[in-house]
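Following: one structure in structure tokens, then a few remarks.
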Amino acid sequence: MGRITLDQVTKSFGDVNVIPPLDLTIDDGEFVVFVGPSGCGKSTLLRLIAGLEDVSSGQIRIDGEDATNMAPAQRGLAMVFQSYALYPHMSVRKNIAFPMKMAGVPEDEQKRRIDSAAAALNLTDYLERRPGQLSGGQRQRVAIGRAIVREPSAFLFDEPLSNLDAALRVGMRLEIMELHKRLDTTMIYVTHDQVEAMTMADKIVVLRAGNIEQVGSPLELYRAPRNEFVAGFIGSPK
Ligand code: ADP
Ligand code: MG
């Protein structure tokens, strides 16, 4: 589960076209990074996949089903936001439980999923604390925990580490990669940071002004950038 296909997807805001017709296939279990300069349409593309924005035209398929007009909650995806958006007055446990409560997951099942997510994220000892009593990295892990318990077929990350300092960012990258290995679930990760893209991705999608400049593994992009933009952005010797 977790195969996502975009077929001739476009997005305009008023008269301004942000995503020209775009085709993309994300395979089951892949770690895909959307990378490109600020304003190139990374967040918009992710929000279209999540269903937080409607496409202007084209089709989005998730696990073989036409998801173009599905509500976000029906798509089976979970978004991890950059601003942690945790509830400050609720414990970590309640923050993580919240989406399951909304979805009507039975209490004992909620508990099982919270315990499992907390173990995976090293949060077992922090479940009764409030977000304000946690470090930045721990808060980010709670936000990821809240996504895990929904058991999504894919995780969507929008620059999740941009609020963390450089040293912590390196550690969190490793944690997210470890989580990907453990869960074996599709992850789409948006960043403007080339190093993050090159170190984390199975597949990199390089965007410029809503256009896909190139898709490939980090090594493919490094060895054979298709044009000067990709070469410059990825840092290829050219
Ligand atoms: P990125 O995430 O790569 O920085 P975005 O997807 O946020 O880029 O934005 C791409 C372009 O779309 C930008 O020019 C931005 O101003 C525009 N845009 C994004 N969301 C909206 C919106 N809701 N209304 C109008 N323009 C928008
Ligand atoms: Mg963005």
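The values are calculated or read from the model by the stated rules, or taken from the named source; none is laboratory data. What you see is a predicted model, and the numbers here were worked out from it, not measured in a lab. Positions of Cβ are backbone-derived with ideal geometry, glycine not excepted, and every protein chain shown enters the neighbour counts.
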Given (1) within 16 Å of ligand 1 (Cβ to nearest atom); (2) out of contact with any helix residue (DSSP H, G or I) (no Cβ under 9 Å at 6 or more places or on another chain); (3) not β-branched (Val, Ile, Thr), number of the condition Asp63 does not satisfy:
(1)
Suppose we filter Leu48, Leu24 for residues that are of a type in the set (A, V, I, L, M) and within 16 Å of ligand 2 (Cβ to nearest atom); which single one remains?
Leu48
Flagged in the stretch 75-129 as touching a Ser or Thr at 6+ places or on another chain (Cβ under 6 Å) and closer than 25 Å to Ser162 by Cα, in numbering order, are Gln82, Ala118
Condition test on Met90, is it closer than 30 Å to Gly132 by Cα, at pLDDT 95 or above and away from ligand 2 (no atom under 16 Å from the Cβ)?
yes
Just for the stretch 86-110: of the residues that are of a type in the set (Gly, Ala, Ser) and closer than 23 Å to Asp125 by Cβ, which one is surrounded by the fewest Cβ atoms within 10 Å (Cβ to Cβ)?
Ser91
Give me the pairs: first residue in the stretch 5-16 and on the phi > 0 side of the Ramachandran plot and modelled with pLDDT of 95 or more, second residue of a type outside the set (D, E, K, R) and in a strand (DSSP E or B), beta-carbon distance under 6 Å, and six or more apart or on different chains, which are they?
Gln8/Pro21; Gln8/Gly58
Could you grab me the full set of residues in the stretch 151-166 that are surrounded by fewer than 20 Cβ atoms within 10 Å (Cβ to Cβ) and either more than 14 Å from Glu196 (Cβ to Cβ) or in contact with a Gly (Cβ under 9 Å, 6 or more places away or on another chain) (or both)?
Glu151, Ser153, Asn163, Leu164, Asp165
Scan the stretch 27-36 and tell me whether some residue there is without any contact (Cβ under 8 Å) to a residue 40 or more places away in the chain, more than 16 Å from ligand 2 (Cβ to nearest atom) and over 18 Å from Asn211 (Cβ atoms).
no
Tally up the residues in the stretch 182-197 that are at pLDDT below 95, more than 16 Å from ligand 2 (Cβ to nearest atom) and of a type outside the set (Val, Ile, Thr), please.
3
Unique match (being surrounded by 16 or more Cβ atoms within 10 Å (Cβ to Cβ) and within 12 Å of ligand 1 (Cβ to nearest atom)) among Leu52, Leu24, Leu45:
Leu45
If Gln8 passes every condition in (1) more than 7 Å from ligand 1 (Cβ to nearest atom); (2) surrounded by 15 or more Cβ atoms within 10 Å (Cβ to Cβ); (3) part of a strand (DSSP E or B) but one, which one does it miss?
(2)
Residue in the stretch 51-73 that is closer than 22 Å to Leu161 by Cα and at pLDDT 95 or above present:
yes
